[in-house]
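The values are calculated or read from the model by the stated rules, or taken from the named source; none is laboratory data. Just so it is clear, the structure is predicted and the values come from calculations on it, not from any experiment. FYI the Cβ positions are ideal-geometry reconstructions off the backbone, even for glycines, and counts take in every protein chain you see. Remember, those area values only see protein heavy atoms, side chains included, never the ligands or the DNA or RNA. Shrake-Rupley method; radii C 1.70, N 1.55, O 1.52, S 1.80 Å.
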Amino acid sequence: MSQKYNPITWRTKMKKTSQICQSKLPDNTALKQQQLPAYRLQLSATGVLSGFFATGAFCLGVGIILILSAKSIKEIEIKYTKICANCAELREDAINFDKECTCSIPFYLSETMQGNVYLYYKLYGFYQNLYRYILSRSNSQLVGTDLKVRLYLIWYNTPFFKDQSHNGTPIAPCGAIANSIFNDTIILSYNLNSSIHMEVPMLRSGITWWTDKYVKFRNPSAINLSSAFTGTAKPPYWSKPVYELDLEDTENNGFLNDDFIVWMRTAAFPTFKKLYRRLNRVQYFIEGLPAGNYSFNITYNFPVTRFKGEKSVVLSTLTWSGGSSLFLGLAYTVTGSSLPGRNYRLSNNC
């Protein structure tokens, strides 16, 4: 039998379907219906060219200011690898690791270095950016939570993860970065006259990034720092353990040592300089470093000639724009100089 058509049922179904479809529609608001008022920016050729010229003039002005600022920095660099050739040759043989070698480098400062003066060491041909070298560290150890580093890090830290000469004792700090720390001692002396030679007062603290000093590096919690490192060994190439890096200042000892923290921030290029000391402006040095005769007294420990590298020591001032690098100033100047030429071509095409 054929089913009879029921118009009431059909109308009911259509009504329910219509209600469902309407419930899925977006709200009838200007935002959801995309009816918000809009403004279409219409730029004329004159406006665009004026904007290019203004941007070019701004970049050119900033570039010139940055270049003049960088040029105003006073800097002196002395390469001492060849000057201290006897010490360099001595350090190439690992047997002589316990033999001290020093050299003195006199120099003349022709004009006064006003204001804050910073002492850097600079390395040539030392690749801190190698992938395996960068991974050869333990961040959990450096914040004092895991001195005896877990075994999953042994792949990256070998052979500076455990001291094989002491029954596999964990090394603190472990890794190739810490083991290869720059360990030359540099002392700046001022020759006041022919008979008076005085050491220039330098500060060894306050040379790190704030985040490194107070976030990324922490000593283990212990009353006595040496007891906190019980059960660990010093890195193979270190002459003393990490808890003896600065016995005079407890805030600059252990993992919080500024020299250690500066070295652990790896450089991006094979030629780099790192901050070593900053001038303590007292006595004869309140205004900065006066002109005169000076000398660097260097205890040579860090070998570089085997990989054909070089070392130098740098004295420099700073300005509001940073160091003596001209890159940023040149980048602004080139950008500012190229925009007017582009504007000229655009105006001809128009």
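It is to be established whether one or more residues within the range 230-240 are open to solvent by less than 10 Å² (accessible area, probe 1.4 Å), modelled with pLDDT under 95 and in a loop (DSSP other than H, G, I, E, B). Yes, there is a match, as at least one residue in the range 230-240 is open to solvent by less than 10 Å² (accessible area, probe 1.4 Å), modelled with pLDDT under 95 and in a loop (DSSP other than H, G, I, E, B). Taken over the range 202-224, the criterion of being farther than 19 Å from Gly144 by Cα and out of contact with any strand residue (DSSP E or B) (no Cβ under 7 Å at 6 or more places or on another chain) is satisfied by Ser205 alone. Quickly run through the range 204-224 and pick out the residues that are in contact (Cβ under 8 Å) with a residue 12 or more places away in the chain, assigned to a helix (DSSP H, G or I) and open to solvent by less than 90 Å² (accessible area, probe 1.4 Å). Asp212, Lys213 - these are the residues of the range 204-224 that are in contact (Cβ under 8 Å) with a residue 12 or more places away in the chain, assigned to a helix (DSSP H, G or I) and open to solvent by less than 90 Å² (accessible area, probe 1.4 Å). Here is the figure for the range 274-308: residues that are loosely packed, with under 15 Cβ neighbours inside 10 Å and of a type in the set (A, V, I, L, M, F, W, C) total 4.
I'd like to check which helices (runs of 4 or more DSSP H) are fully inside the range 1-108 and have at least 2 residues that are at pLDDT below 85. Steps first, please.
On the way: elements: 7-23, 45-71, 85-91.
Here the list reads 7-23, 45-71.
Of note, Ser227 does not satisfy the criterion of being open to solvent by 80 Å² or more (accessible area, probe 1.4 Å), of a type in the set (Gly, Ala, Ser) and outside any strand (DSSP E or B).
Among the residues of the range 39-86, the one identified as touching a strand residue (DSSP E or B) at 6+ places or on another chain (Cβ under 6 Å), more than 29 Å from Ala331 (Cβ to Cβ) and polar (S, T, N, Q) is Thr81.
May I ask you to list the residues in the range 241-252 that are part of a loop (DSSP other than H, G, I, E, B), open to solvent by 60 Å² or more (accessible area, probe 1.4 Å) and in contact with a Gly (Cβ under 9 Å, 6 or more places away or on another chain)? Selection gives nothing.
Taking residues in the range 51-74 that are in contact (Cβ under 8 Å) with a residue 24 or more places away in the chain and within 18 Å of Ser324 (Cα to Cα), and partners anywhere that are open to solvent by 60 Å² or more (accessible area, probe 1.4 Å) and small (Gly, Ala, Ser), the pairs with Cβ atoms closer than 8 Å and at least 6 places apart or on different chains are Ala70/Ser325.
Counting only residues that are under 25 Å from the mean Cα position of the chain (by Cα), closer than 19 Å to Asn179 by Cα and of a type in the set (S, T, N, Q), the range 213-268 holds 5 of them.
Pro201 meets the conditions (1) open to solvent by less than 20 Å² (accessible area, probe 1.4 Å); (2) at pLDDT 95 or above in every case but one. The failed one is (1).
Scan the range 110-122 and tell me whether some residue there is crowded, with 16+ Cβ neighbours inside 10 Å, at pLDDT below 85 and either touching a strand residue (DSSP E or B) at 6+ places or on another chain (Cβ under 6 Å) or under 30 Å from Trp320 (Cβ atoms) (or both).
The answer is no; no qualifying residue exists.
Of the numbered criteria (1) at pLDDT below 90; (2) within 30 Å of Gly292 (Cα to Cα); (3) open to solvent by less than 70 Å² (accessible area, probe 1.4 Å), the one Leu188 fails is (1). Could you go through the range 253-273 and let me know if any residue there is open to solvent by less than 40 Å² (accessible area, probe 1.4 Å), out of contact with any Lys or Arg (no Cβ under 8 Å at 6 or more places or on another chain) and hydroxyl-bearing (Ser, Thr, Tyr). No, the conditions are met nowhere in the range 253-273.
Would you please name the residue that is most open to solvent (accessible area, probe 1.4 Å), looking only at residues in the range 169-185 that are in a loop (DSSP other than H, G, I, E, B) and modelled with pLDDT of 90 or more? It would help to see each step written out before you state the result.
Residues of the range 169-185 that are in a loop (DSSP other than H, G, I, E, B), as a first pass: 172-175, 180-184.
From what is left, the residues that are modelled with pLDDT of 90 or more are 173, 180-184.
Values: Pro173: 1, Ser180: 25, Ile181: 27, Phe182: 20, Asn183: 61, Asp184: 6 Å².
The extreme case among them is Asn183.
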